[in-house]
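Have a look at the structure below before the remarks.
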Amino acid sequence: MMSDEDFSREVSVRISLGHLLLAWEVMSSKFSDLGANESLSEEERRAVWGLADLLEKALVEHGITGRPQVEWETLISKANAYIKNVPVDFLD
């Protein structure tokens, strides 16, 4: 029974920097306008936006911040090449 779970407890997730970058990129570009998306509940939108905020903070902590567009696109391109070799249970 989960009635005693402490949902405010913080947990750690191990993720590579390349995976982190692409997860944030997808969330920030594909889910930035969730306010207009009525298929998600307010709680679901908060969960997505909150996770995007956490991912962005982690990127900043690891030196990944705003860059000129050409540099950013190069960085994303390298991360895309990297992610092709990340094991994914659902796909493997």
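Bear in mind that the values in this text are calculations on the coordinates, not laboratory data. None of these values were measured; they are calculated from a predicted model. Here the Cβ positions follow ideal geometry from the backbone for every residue, glycine too, while neighbour counts run over all protein chains shown.
If R0 is 30 Å, the Cβ-Cβ spacing of ILE76 and VAL13 corresponds to a FRET efficiency of close to 0.90. Sparse packing (at most 14 other Cβ atoms within 10 Å of the Cβ) combined with a DSSP loop state is found for the following trypsin sites (Lys or Arg not before Pro) in the chain: ARG9, ARG14, LYS84.
With both labels modelled 7 Å from their Cα along Cα-to-Cβ, the THR65 to ARG46 distance reads 3.1 nm. Relative to the 2.2 N^0.38 Å rule of thumb, region 37-85 has a C-alpha radius of gyration ratio of 1.48. Working note: Karplus 6.51/-1.76/1.60 with θ = phi - 60° gives region 58-64 the couplings 5, 4, 4, 4, 9, x, 9 Hz, where Gly and Pro are set to x. Net length available on complete extension from LEU54 to ASP89 is 10.2 nm, with 0.36 nm assigned per residue and the Cα-Cα distance removed.
Counting only Cα atoms, the size of the chain along its three principal axes is 47, 31, 29 Å, in decreasing order.
Over all other residues within a Cβ to Cβ distance under 15 Å of ARG45, the charged ones net out to -4, with Lys and Arg as +1 and Asp and Glu as -1.
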